[in-house]
Amino acid sequence: MFLTRAHLIDCSADDGVYLRIGFVSVKDFVLSNLRLPQNAELNIGDCHFENFQLTNFRNIGKFKLCKINILNIKHKYFGNTYLEDETQNNKKFQINNTSIGKTDFQSIDLSSFEEMEIFDNIFTEINYTSVTWSDEVIKVGQYNDSDSKKLSKQQDSYRV
């Protein structure tokens, strides 16, 4: 399934809910203001994104991000027309202002995104497996913090 845009904003889940977003290609994906309680789970996997943005996510449950790659559109037949390569120049992977608890990152090719931004987050209990990091600059840190030595150390921590 191909979507030009998927914006999920101001969501909450009940205790014990399992949410799955999978097997979809999306040019512009935004998940913002989601609250996930203790016994709930969000699984985003087997997807292609041109822009991936996760902001203001509060996770007390379990979160899994797996098999995420860049979306490349080349001669895709959509409706009655062919779409030529419509990918933007700002292919971006972004996680900002989140509190992520128990999390798995598996088989994610972050090197395919042109820009990666990870700002103002609290990460705990994260398992990384087969994550390909970019050699380019990763923007990390906290807003209102411009200490370049601190930011370079955080960049290395995210790569590790």
Per-residue ³J(HN,Hα) for segment 19-34, Karplus 6.51 cos²θ - 1.76 cosθ + 1.60, θ = phi - 60°, Hz, x for Gly and Pro:
10, 10, 10, x, 6, 9, 10, 9, 5, 10, 10, 10, 10, 9, 6, 9
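So what is the accessible area of segment 1-67 per residue, in Å², with the probe set to 1.4 Å? Let's see the in-between values first.
Values: 3170 Å² over 67 residues.
Per-residue accessible area for segment 1-67 comes out at 47 Å².
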Hey, for a label at residue 125 modelled as a point 7 Å past Cα toward Cβ, could you say which residues of segment 98-113 have their backbone N under 17 Å away?
99-106
Would you mind checking 27/67; 27/92; 27/62; 92/139 for any pair whose Cα atoms are more than 19 angstrom apart?
27/62
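The values are calculated or read from the model by the stated rules, or taken from the named source; none is laboratory data. This one's a predicted model, so the numbers in the text were calculated from it and none came from an experiment. Note that we place each Cβ from the backbone using ideal geometry, even for glycine, and neighbour counts take in every protein chain shown. Quick note on the areas: whole protein, heavy atoms, side chains included, nothing else; ligands and nucleic acids left out. Shrake-Rupley method; radii C 1.70, N 1.55, O 1.52, S 1.80 Å.
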